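Everything below concerns the one structure shown next.
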Amino acid sequence: MQCKFQYRKVEPSEYLEQHILKQIEGIARFLMKEGRWSVEVSKKNNTPQVIIKVSNPWSYFSAIGTSSDFYLAVDAVCTKLITQIKKKKNQLQYHKKPHKSREGHLSRLNSALEYFPENYPNRKAN
């Protein structure tokens with residue numbers, strides 16, 4: 001896991017980096033492959049802001065979190081990233097129609113290895 005930190009209008013903090021790395025390790029278990037992480041810590045209108053971007057071979061995720069504290073902003077960003085990653089992973093796993101799969105075809109066979117046309121979805125019965 002490659003992680004790059006950038007600080008804008010903020011002094012670098014070792015404790016904050018450790019907290020972010022700990023949170024990133026928790027998020028990384030949801031990813032199917034390792035990716036590159038880019039973390040930007042800044043202040044926007046005197047409000048702490050954390051931006052995390054994840055680049056993967058199969059997708060790209062980014063989230064922005066603002067809060068009254070940097071640690072709360074990191075937690076907010078991490079929950080947003082987890083939501084995005086779970087949604088994408090769910091789309092990749094269940095993108096096919098189950099009735100078109102091999103198991104779907106086998107479930108429509110009877111003991112004589114004949115198809116039941118009435119078991120096909122979206123099929124009009126005669």
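The values are calculated or read from the model by the stated rules, or taken from the named source; none is laboratory data. Everything numeric here is computed off the predicted structure, so don't read it as measured data. Here the Cβ positions follow ideal geometry from the backbone for every residue, glycine too, while neighbour counts run over all protein chains shown. To get the accessible areas, we keep the full protein, side chains included, count just its heavy atoms, and leave off ligands, DNA and RNA. Shrake-Rupley method; radii C 1.70, N 1.55, O 1.52, S 1.80 Å.
Say whether the condition of being aromatic (Phe, Trp, Tyr), free of Cβ contacts under 8 Å to residues at least 40 places away in the same chain and either touching a helix residue (DSSP H, G or I) at 6+ places or on another chain (Cβ under 6 Å) or in a helix (DSSP H, G or I) (or both) is met by at least one residue in the range 23-32. Checking the range 23-32: not a single residue is aromatic (Phe, Trp, Tyr), free of Cβ contacts under 8 Å to residues at least 40 places away in the same chain and either touching a helix residue (DSSP H, G or I) at 6+ places or on another chain (Cβ under 6 Å) or in a helix (DSSP H, G or I) (or both).
Considering the range 54-69 alone, what residues qualify as being assigned to a strand (DSSP E or B) and either more than 13 Å from the chain's Cα centre (by Cα) or closer than 22 Å to Tyr15 by Cβ (or both)? The answer is Ala63, Ile64, Gly65, Thr66. Here Tyr60 clears all of (1) out of contact with any strand residue (DSSP E or B) (no Cβ under 9 Å at 6 or more places or on another chain); (2) without any contact (Cβ under 8 Å) to a residue 12 or more places away in the chain except the condition numbered (1).
Residues in the range 1-24 that are farther than 20 Å from Lys86 by Cα and either surrounded by fewer than 11 Cβ atoms within 10 Å (Cβ to Cβ) or of a type in the set (A, V, I, L, M, F, W, C) (or both): Gln2, Cys3, Lys4, Phe5, Lys9, Val10, Glu11, Pro12, Glu14, Tyr15, Leu16, Gln18. For the range 1-22, how many residues are within 22 Å of Pro57 (Cβ to Cβ) and part of a strand (DSSP E or B)? Going through the range 1-22 one residue at a time, the tally reaches 3. Please verify whether Ser101 is modelled with pLDDT of 90 or more and open to solvent by less than 90 Å² (accessible area, probe 1.4 Å), treating the condition exactly as stated. So Ser101 does not fit the description; no. Note on the range 42-54: among residues that are touching a Phe, Trp or Tyr at 6+ places or on another chain (Cβ under 8 Å) and farther than 20 Å from Thr83 by Cβ, the one that is surrounded by the most Cβ atoms within 10 Å (Cβ to Cβ) is Pro48. The set of residues from the range 25-41 being out of contact with any Phe, Trp or Tyr (no Cβ under 8 Å at 6 or more places or on another chain), of a type in the set (A, V, I, L, M, F, W, C) and open to solvent by 30 Å² or more (accessible area, probe 1.4 Å) comprises Ala28, Phe30.
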